[in-house]
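Colleague: Here it is, the structure, as structure tokens.
The values are calculated or read from the model by the stated rules, or taken from the named source; none is laboratory data. Keep in mind it's a predicted model, so treat the numbers as computed, not measured. Please note: Cβ atoms are built from the backbone with ideal geometry, for glycine as well, and neighbour counts cover all protein chains shown.
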């Protein structure tokens, strides 16, 4: 018998990469790191994966999904364009049959299963690195903390019955199906910024919808959230009237299990 909670649990699992795919991606990451370290050697401080893949919030049904990798150099030797050129040349030598291109401030390796986006940076402190600034900025470099959001998501998930990452995946999937009215960062940040008092994935899902509603600031976003809330209202009515056979049908109209 399908209820709201069991459907959401199944959906969240289906949005993860399969174990085989994850193994392939992890092996590709390790191969890249090994080759990158071998090429740049003593100039490097670290090479780390960040972004949604490292947080576990990446979803398999996102055609824009990628693995973000930051190459941290020990010091600033060059300006961003020179680093990007060096990284591109390296990637083209290592992956001669793969599409490589620059998408400032990254070099993209367009692999068959997923894209890698490599961003150069240089070490400032244990937590802070400098990465290339957007082209529309007058400055060349900006500060960032690659581990900050990872730690926030992981700690939030740990303190909330390991149900934060599943609900993030579900609502990022909803966002994609609705032509991305919100950025992925907005979805994740709204959820990890909210104080929860929940015990089931269903409760986290409902509360997270409210969290996203609070950051909706244009008509497209407000309309998308209103439609989602109306769907949730219909689901609540079905469940309260023990019409469980219709719950999956209703969910399939806006959050189908892939």
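Colleague: Please count how many residues of region 125-161 are in contact (Cβ under 8 Å) with a residue 12 or more places away in the chain and part of a loop (DSSP other than H, G, I, E, B).
Modeller: Result for region 125-161: 11.
Colleague: Take residue 109 and tell me if it is in a strand (DSSP E or B), closer than 30 Å to residue 14 by Cβ and outside the structural domain of residue 11 (by TED's automatic domain parsing).
Modeller: On the way: in a strand (DSSP E or B): yes; closer than 30 Å to residue 14 by Cβ: yes; outside the structural domain of residue 11 (by TED's automatic domain parsing): yes.
Yes: the conditions hold for residue 109.
Colleague: Take the conditions surrounded by 15 or more Cβ atoms within 10 Å (Cβ to Cβ) and farther than 24 Å from residue 228 by Cα and apply them to residue 154. Does it pass? Spell out the reasoning first.
Modeller: On the way: surrounded by 15 or more Cβ atoms within 10 Å (Cβ to Cβ): yes; farther than 24 Å from residue 228 by Cα: yes.
Considered against the rule, which asks whether it is surrounded by 15 or more Cβ atoms within 10 Å (Cβ to Cβ) and farther than 24 Å from residue 228 by Cα, residue 154 comes out as yes.
Colleague: Separate question: Which ranges mark the helices (runs of 4 or more DSSP H) fully within region 1-98 that have 3 or more residues being without any contact (Cβ under 8 Å) to a residue 12 or more places away in the chain?
Modeller: Working: elements: 4-14, 19-40, 51-55, 80-94.
Filter on region 1-98 gives 19-40, 80-94.
Colleague: Could we say that residue 99 is in contact with a strand residue (DSSP E or B) (Cβ under 9 Å, 6 or more places away or on another chain), on the phi < 0 side of the Ramachandran plot and not assigned by TED's automatic domain parsing to the domain that holds residue 173 here?
Modeller: On the way: in contact with a strand residue (DSSP E or B) (Cβ under 9 Å, 6 or more places away or on another chain): yes; on the phi < 0 side of the Ramachandran plot: yes; not assigned by TED's automatic domain parsing to the domain that holds residue 173: yes.
Judged against the criteria, residue 99 is a match.
Colleague: Next up: Of all residues in region 62-97, which are touching a helix residue (DSSP H, G or I) at 6+ places or on another chain (Cβ under 9 Å) and surrounded by fewer than 14 Cβ atoms within 10 Å (Cβ to Cβ)?
Modeller: The answer is 63, 64, 74, 75, 77, 78, 93.
Colleague: Name the one entry in 123, 116 that is outside the structural domain of residue 190 (by TED's automatic domain parsing), under 23 Å from residue 38 (Cβ atoms) and in contact with a helix residue (DSSP H, G or I) (Cβ under 7 Å, 6 or more places away or on another chain). Outline the logic, then answer.
Modeller: Working: 123 fails: in contact with a helix residue (DSSP H, G or I) (Cβ under 7 Å, 6 or more places away or on another chain).
Only one candidate qualifies: 116.
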